[in-house]
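Undergrad: Before anything else, here's the structure in question.
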Amino acid sequence: MNGKIPTREEALGLLLKYNQSESLIKHAKAVEGVMRNIARKLGEDEELWGIVGLVHDLDYEKYPEIHCQMTKQILEAEGWDPMLIRAILSHAWGTCTDVEPQSLMEKYLYAIDELTGLITAVALVRPSKSIAEVEVKSVKKKWKEKSFAAGANREIIQKGAEMLGISLDELIQLTIDGMKEVAKEIGL
């Protein structure tokens, strides 16, 4: 480690400094929850994985046209460890960056970012609007409807699962499980 490893409170403070959108903040917390849950299951550093998930879209609200470029500048100015910055940049591989996910943390972040959006949309069309009722089969059913949650890039999700060497069903279940842990914080 060659730089600062922030606390969750510092990371959240930075997120809130650059983001006011309730939906973006909920998305950040959903990704954080999933990353923490997966890290715990794999025996990885839950705090690090969570922080990377929490700030992955740090610049998106204010600088959507240069997404990730400003995040890199902001985090470098804050003295963040280059390993964390690289992981965050890798989530947008092929769309906004050329930083290919290599570590397990990077591959999971890449794979679940778009998936949390799709699962959120599935939860919101349920009568209860609750993640508690979302199952893999309901996500897979909506997966086939290209117009449903059209912003959730299914190719990236599929590519992420392949990178990880796990099935799409397993990735969806891991993501649902992580989102259930933070259901109150993300309004689901």
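Undergrad: Looking at the stretch 136-153 only, could you name the residues that are among the polar types (S, T, N, Q), more than 17 Å from the chain's Cα centre (by Cα) and surrounded by 14 or more Cβ atoms within 10 Å (Cβ to Cβ)?
TA: Correct list: 138 only.
Undergrad: Taking residue 65 as meeting all but one of (1) at pLDDT below 95; (2) of a type outside the set (Ser, Thr, Tyr); (3) in contact with a helix residue (DSSP H, G or I) (Cβ under 7 Å, 6 or more places away or on another chain), write down the number of the exception.
TA: Going through the list (1) at pLDDT below 95; (2) of a type outside the set (Ser, Thr, Tyr); (3) in contact with a helix residue (DSSP H, G or I) (Cβ under 7 Å, 6 or more places away or on another chain), residue 65 breaks only (3).
Undergrad: Name the residue that is farthest from residue 117 (Cα to Cα), counting only residues in the stretch 21-50 that are among the small types (Gly, Ala, Ser) and under 12 Å from the mean Cα position of the chain (by Cα).
TA: By that ranking, first place goes to 50.
Undergrad: Just to be sure I understand, how many residues within the stretch 94-112 are surrounded by 22 or more Cβ atoms within 10 Å (Cβ to Cβ) and hydrophobic (A, V, I, L, M, F, W, C)?
TA: So the answer is 4.
Undergrad: Give me a count of the residues in the stretch 154-167 that are touching a helix residue (DSSP H, G or I) at 6+ places or on another chain (Cβ under 7 Å) and either surrounded by 18 or more Cβ atoms within 10 Å (Cβ to Cβ) or outside any loop (DSSP other than H, G, I, E, B) (or both).
TA: Of the residues in that region, 8 qualify.
Undergrad: Assuming residue 122 fulfils every condition listed in (1) free of Cβ contacts under 8 Å to residues at least 40 places away in the same chain; (2) closer than 13 Å to residue 27 by Cβ; (3) among the hydrophobic types (A, V, I, L, M, F, W, C) apart from one, which condition is it?
TA: Every condition holds for residue 122 apart from (2).
Conditions (1) of a type outside the set (A, V, I, L, M); (2) under 20 Å from residue 95 (Cβ atoms), marked per residue:
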{"residue": "139", "(1), (2)": "no, no"}
{"residue": "147", "(1), (2)": "yes, no"}
{"residue": "153", "(1), (2)": "yes, yes"}
{"residue": "171", "(1), (2)": "no, yes"}
{"residue": "174", "(1), (2)": "no, no"}
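Conditions (1) in contact with a Gly (Cβ under 7 Å, 6 or more places away or on another chain); (2) of a type in the set (Val, Ile, Thr); (3) over 18 Å from residue 164 (Cβ atoms), marked per residue:
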| position | (1), (2), (3) |
| --- | --- |
| 35 | yes, no, no |
| 55 | no, yes, yes |
| 87 | no, no, no |
| 102 | no, no, no |
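Undergrad: Give me the residue from the stretch 1-49 that is farther than 17 Å from residue 85 by Cβ, of a type in the set (Gly, Ala, Ser) and without any contact (Cβ under 8 Å) to a residue 60 or more places away in the chain and, out of that set, surrounded by the fewest Cβ atoms within 10 Å (Cβ to Cβ).
TA: So, considering only residues that are farther than 17 Å from residue 85 by Cβ, of a type in the set (Gly, Ala, Ser) and without any contact (Cβ under 8 Å) to a residue 60 or more places away in the chain, the one surrounded by the fewest Cβ atoms within 10 Å (Cβ to Cβ) is 43.
Undergrad: Of the conditions (1) assigned to a helix (DSSP H, G or I); (2) within 29 Å of residue 134 (Cα to Cα), residue 95 clears all except one; give me its number.
TA: It fails just one condition, (1).
Undergrad: While we're looking at this one, here's another question. Within the stretch 68-89, is there a residue that is part of a helix (DSSP H, G or I), surrounded by fewer than 20 Cβ atoms within 10 Å (Cβ to Cβ), at pLDDT below 95 and of a type in the set (A, V, I, L, M)?
TA: No, the stretch 68-89 contains no residue that is part of a helix (DSSP H, G or I), surrounded by fewer than 20 Cβ atoms within 10 Å (Cβ to Cβ), at pLDDT below 95 and of a type in the set (A, V, I, L, M).
Undergrad: Can you tell me which residues in the stretch 113-131 are farther than 26 Å from residue 101 by Cα and either of a type in the set (Val, Ile, Thr) or crowded, with 19+ Cβ neighbours inside 10 Å (or both)?
TA: 122, 123, 125, 131
Undergrad: In this structure, does residue 185 turn out to be under 21 Å from residue 60 (Cβ atoms), charged (D, E, K, R) and outside any helix (DSSP H, G or I)?
TA: Answer is yes for this residue.
The values are calculated or read from the model by the stated rules, or taken from the named source; none is laboratory data. Being a predicted model, the structure only gives us computed values, none of them experimental. Neighbour counts are summed over all protein chains in view; Cβ atoms, including those assigned to glycine, are modelled from backbone coordinates with ideal geometry.
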